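Structure, as structure tokens:
Please treat every number below as a calculation from the coordinates, not as lab data. Worth saying up front: this structure is predicted, and the values here are computed from it rather than measured. Glycine also receives a Cβ, built like all others from the backbone with ideal geometry; neighbour counts cover every protein chain displayed.
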Amino acid sequence: MELFVQQLVNGLSLGALYALIAVGYTVVYGIIQLINFAHGEIFMIGAFGALTTWLLLGSASSNTSVWLLPVMLIGGILAAVAVALLMERFAYRPLRNAPRLAPLITAIGVSIFLQEAVRLFYGDIPGFPDAKLAIPFPQIDVVTGPAVVIGGVVIQRAAIFTLLALTVSAVCLFIFVNRTRLGRAMQATSQDPDTARLMGINVDRIIMVAFVLGAALAAVAGLAHGLRYTNIDFRMGFLAGLKAFTAAVLGGIGNIAGAVVGGLVLGVVEAMVTTYIPGQFGGSAWKDVWAFVILILVLVFRPQGLLGARVVDRA
Amino acid sequence: MRRIPRLVTPAQQERFHRPGQIVAAVGGLLLTVTPFLPWAFDSAALDDMTVYGYPSPLQLMALLLGVVMLALLAVGEWLRPGRRVRIAWNRGAKAAGTGALVFVAVILAAVALELGGLVNVTPGGWLALLGALAAFVGTRLIVGGPPPAVERAKVPGWAGILVIAAVMAVVLFGSAYALNQDDGGTFVAFLSFLGAVIAVLFRTGGMGLITVIARAHRKVLILSAFVVAFLFPFTQNGSDANMSIATQVLIFAATAMGLNIVVGLAGLLDLGYIAFLGAGAFTAAILSSSAFSTVSWHPPFIVVVLVSGTVAATLGLIIGTPTLRVSGDYLAIVTLAFGEIFRISMNNLDGTNGPNLTHGTNGIPGIPDLEILGFNFGDTHTVFGITLGRFSNYFFLLLFVVAVIILIFVRLNNSRIGRGWVAIREDEKAAEAMGVNVFGLKIFAFACGAFLAGVAGSVKAHADISVTPDQYVFLESAFLLAAIVLGGMGTVLGVLVGATLLKLMPEKLRFVSDYRLLIFGLLLVLMMRFRPEGLVPNERRQLEFHEEDTELAARIEEELEETGAMKEATR
């Protein structure tokens with residue numbers, strides 16, 4: 001039982017990370033039906049943005065006090081949002097009416113380009129570490145440090161931070177989508193872009209908002225990832241992005257609540273699989289394989305996802 | 001279509017036509033004379049440009065560009081364009097002038113980079129640049145005249161075959177020359193020369209003429225293309241180094257051609273295609289008589305090929321069946337996930353994390369050379385006094401594999417199945433309404449592509465000697481996709497060009513190897529933005545990307561009607 005609760009906690013905190021990234025896939029897909037492959041790289045840029053902020057502000061005095069955390073968060077979000085907006089403007093927008101294959105291929109190109117740009121040029125900035133290898137991420141007081149133990153269950157502080165970040169983000173997101181003018185405009189656009197345009201909604205702006213929203217949450221996830229795994233590297237976005245997409249599909253792509261639920265479920269399943277699958281195919285070596293097997297199973301049995309996709313197949 | 005920006009307005013061209021001709025002629029003369037002067041102070045730069053009187057190969061190319069431009073100018077001046085068939089001589093001269101400027105500039109830049117500074121360029125080099133500049137300015141000033149019209153040209157049969165033979169000979173010696181250049185600067189300079197020649201051919205209408213000839217003598221063309229490819233190892237004087245690269249290019253091309261069926265014809269985006277190649281390679285490695293093989297059944301190679309293909313196709317079916325029912329976007333991501341599953345599984349099947357099948361990250365080394373009908377692929381053979389090494393043998397085998405894949409590709413494309421694929425690609429719902437078996441055809445495309453990749457993989461395993469999981473990562477899939485996008489989706493020639501460029505560039509341009517992926521990512525984005533149909537586009541495909549181009553639409557419709565009428569007549 002203790003093991004089960006332990007794995008549940010581990011899974012939830014891992015799932016919170018996936019959920020934060022998955023929202024980005026889902027909002028963008030909900031509006032322009034584009035799988036933004038490069039979203040995993042936005043997550044990576046977010047982490048590097050946070051790291052950069054710390055390098056500029058805290059590294060000289062190896063300052064790790066907790067007030068740096070919000071500053072790093074803002075730094076990460078700014079970097080991620082800026083890159084996401086540039087990407088939307090220069091790579092995706094010109095292809096708005098192209099055949100569906102074109103933006104997908106562009107997305108792969110953008111993804112590789114961003115990875116390589118960070119790998120090659122991050123270390124060239126004076127005073128910055130070489131990004132060709134993993135870079136240690138600063139461990140901030142309060143949110144990292146000795147784990148909290150409750151009744152035999154060990155909970156890492158970074159995990160608590162991640163879950164907290166997800167809760168706050170989810171509440172903010174909910175309020176934004178349902179209570180604000182912009183959020184309702186976004187919903188309208190995702191239901192029917194043409195009619196939304198007729199109703200006076202600036203669809204281009206809504207698309208930008210979707211990218212900004214996804215990027216901001218991905219940056220939060222990037223910071224949480226850095227705190228949790230204590231280092232970051234230019235490749236971190238690939239697998240995380242793939243998993244987050246799985247989570248988005250699991251919850252029902254286009255459905256924001258679904259992305260959150262899907263992320264948490266995927267995280268828990270991954271943690272459970274590691275412990276409870278007996279024999280040679282269990283254990284952490286196979287957990288990624290199981291996650292993708294789930295993706296395929298979902299597509300077979302429930303392609304609309306757990307909570308149902310808001311977007312009906314418009315292929 | 002995007003127009004080349006105009007530097008000089010037509011009115012100015014009318015006014016300055018004669019002076020332009022004179023300036024260009026002076027430039028052309030300078031270009032023909034300066035190659036006999038040295039261009040660099042040190043013989044280490046490019047291909048020794050320090051000798052008086054004897055132009056180096058690169059200098060000869062500059063001379064050739066100059067002569068071609070002068071000839072085009074002269075013909076354009078004295079020959080009035082015909083009404084029915086028209087060659088745009090002056091337009092060709094313009095392209096030659098621009099090409100010459102780019103070519104000479106590249107050479108001087110390479111000299112400066114390799115020797116450290118422009119001080120290493122001799123007055124001869126500067127004079128050549130001056131000539132190229134004059135050629136460029138002069139040709140910009142002349143009147144281009146009407147565009148070429150060669151569609152109705154009648155070329156006598158013997159002349160057509162002669163042209164094909166000439167083109168093929170140029171291709172053979174050009175590729176042999178390019179492959180033998182170990183110096184990055186020389187390679188880039190040669191590429192820019194090639195670009196200039198191709199531009200001249202396009203602008204004059206020569207390319208159109210070649211297309212007309214190719215259409216008339218299709219069989220001769222294909223046969224001669226394979227003869228050229230077959231002769232290629234004989235140009236290498238027994239050296240196996242370039243043949244190793246050529247073998248890699250062919251493996252890559254064969255795989256890309258298989259992916260082209262999936263992406264180019266059926267329009268399904270497969271991002272884990274390399275996993276099928278890997279499945280084939282691992283199957284072949286495990287069934288080979290390598291000391292590290294983990295099963296005791298070692299059938300002859302022909303059986304191995306079929307088993308490898310079947311294993312890959314089965315995996316394709318397992319992945320494809322659930323995903324092809326839902327929207328196409330899912331396929332992209334599921335195949336991507338499948339690629340990861342494959343890589344992780346191959347890493348894990350090492351005996352500690354799972355059953356021992358692949359020896360994990362070490363993979364299976366020591367795969368023996370093939371032996372078919374007593375012919376050992378590891379031996380060197382001497383034919384007509386030319387030694388053919390190990391890689392030459394694999395080159396011939398792969399040539400055969402590529403030929404078979406191309407044959408399958410072309411036959412499928414021209415069949416009911418191929419037309420079904422085009423229909424699905426262009427509008428899935430409309431195709432379904434017309435009675436096309438959408439799901440069946442999609443799954444067939446997917447499995448067929450996987451099978452061909454498996455076959456290619458089985459040869460790759462033997463050619464490479466060892467198979468490891470880290471050869472089959474996502475980036476390789478992306479590279480394959482890029483070869484197709486670069487060359488032109490759904491075309492044979494385009495994919496061959498794309499695969500060759502993508503595989504050859506990193507081999508020859510070591511100095512960019514660190515920036516290879518960066519350039520490559522950018523290339524994908526820019527291609528999709530500015531030329532989504534690729535370098536050698538399929539017209540029907542081009543229309544999909546440029547729906548507003550009514551002229552193109554009308555031409556394609558006319559062609560379709562023509563072929564339809566021809567079929568009607570033969571029935």
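Rounded to whole Å, the principal axis extents of the Cα atoms in segment B:262-472 read 58, 51, 24, largest first.
Contact order for chain B, expressed relative to its length and based on alpha carbon pairs under 8 Å spaced 6+ residues apart, stands at 15 percent. Equivalent-ellipsoid semi-axes for segment B:198-342 (Cα gyration tensor, √(5λ), whole Å, largest first): 35, 26, 14. Spin-label model, B:Ile198 to B:Leu475: label points 7 Å out along the Cα-to-beta-carbon direction sit 2.6 nm apart. Angle of helix B:492-508 to the longest C-alpha principal axis of chain B, folded into 0 to 90 degrees and rounded to 10: 80°.
Spin-label model, B:Tyr52/B:Val410: points 7 Å from Cα along the beta carbon direction are separated by 5.5 nm.
Residues B:Met489, A:Met208, ranked from the fewest to the most other C-beta atoms within 10 Å, line up as A:Met208, B:Met489. For chain B, the 222 nm mean residue ellipticity estimated from helices alone, with every DSSP H stretch of n ≥ 4 adding -39500 (n - 2.57) and the total spread over all residues, rounds to -22500 deg cm²/dmol. Amide H contacts under 5 Å for B:Val467: B:Ile364, restricted to partners 5 or more places along the chain or on a different chain, H placed in the peptide plane at 1.01 Å from N. For segment A:38-46, putting each phi into the Karplus relation 6.51 cos²θ - 1.76 cosθ + 1.60 with θ = phi - 60° gives couplings of 7, 5, x, 6, 5, 4, 5, 4, x Hz, in residue order, rounded to whole numbers and with x for Gly and Pro.
Please give the average number of partner chain Cβ atoms lying within 10 Å of the Cβ of each residue in B:515-527, rounded to a whole number.
Averaged over the peptide's residues, the number is 6.
With 0.36 nm allotted per residue and the present C-alpha distance subtracted, the A:Val142-A:Leu198 stretch has 15.1 nm of extension available. P(r) tail, the protein assembly as shown: Cα-Cα pairs separated by more than 42 Å, 42% of all pairs. Cα centroid separation, segment B:293-322 to segment B:201-242: 35 Å. If you take the Cα centroid of segment B:426-498 and the Cα centroid of segment B:351-383, the two points sit 25 Å apart. Dividing the radius of gyration of the alpha carbons in chain B by their Kirkwood radius gives 1.00 for Rg/Rh. For B:Thr387, the residues 5 or more places off, or on other chains, whose built amide H falls under 5 Å of its own are B:Gly238.
Site pair B:Val67 and B:Asp427 shows an inter-label distance of 5.5 nm when each label is modelled 7 Å from Cα along Cα→Cβ.
Working ranking of peptides B:52-61, A:192-201, B:19-28 by packing, defined as the average number of other Cβ atoms within 10 Å per residue, highest first, is B:19-28, B:52-61, A:192-201.
The order of B:Phe342, B:Phe439, B:Phe375, going from fewest to most other C-beta atoms within 10 Å of their C-beta, is B:Phe375, B:Phe439, B:Phe342. Relative contact order of segment B:10-232, taken over Cα pairs closer than 8 Å and 6 or more residues apart, is 29 percent.
Counting, for every residue in B:314-321, the Cβ atoms of other protein chains within 10 Å of its Cβ and taking the mean gives 1.
For B:Lys429, a cut-off of 19 angstrom between C-alpha atoms picks up these aspartates and glutamates, skipping any fewer than 8 places away in its own chain: A:Asp313, B:Asp329, B:Glu544, B:Glu547.
Working from Cα pairs under 8 Å separated by at least six residues, relative contact order for chain A is 35 percent. Panel values: chain A, Kirkwood radius from alpha carbon pairs, Stokes-Einstein at 20 °C and 1.002 mPa s, translational diffusion coefficient 108 µm²/s. Fully extending the segment from A:Arg179 to A:Leu239 would add 18.2 nm, taking 0.36 nm per residue of separation and subtracting the current Cα-Cα distance.
If the viscosity is 1.002 mPa s and the temperature 20 °C, what Stokes-Einstein diffusion coefficient in µm²/s follows for segment B:1-78 when Rh is the Kirkwood radius over Cα pairs? Reported coefficient: 147 µm²/s. Give me the distance between the Cα centres of segment A:16-74 and segment B:103-173, rounded to whole Å. Their Cα centres are 50 Å away from one another.
Both radii are taken from the alpha-carbon atoms of segment B:10-232; with Rh as the Kirkwood radius, Rg/Rh is 1.01. Rounded to whole Å, the principal axis extents of the Cα atoms in segment A:226-280 read 33, 32, 18, largest first. Pairs spanning more than 30 Å between alpha-carbon atoms, out of A:Lys132/B:Lys508; B:Lys94/B:Lys219; B:Lys460/B:Lys508; A:Lys132/B:Lys503; B:Lys94/B:Lys154; B:Lys219/B:Lys503: B:Lys94/B:Lys219. Among A:Thr189, A:Thr26, the order by Cβ neighbours within 10 angstrom, fewest to most, reads A:Thr189, A:Thr26. Subtracting the Cα-Cα distance of B:Ala44 and B:Leu501 from 0.36 nm times their residue separation leaves 161.9 nm of extension gain.
For B:Leu535, the residues 5 or more places off, or on other chains, whose built amide H falls under 5 Å of its own are B:Gly487, B:Gly488.
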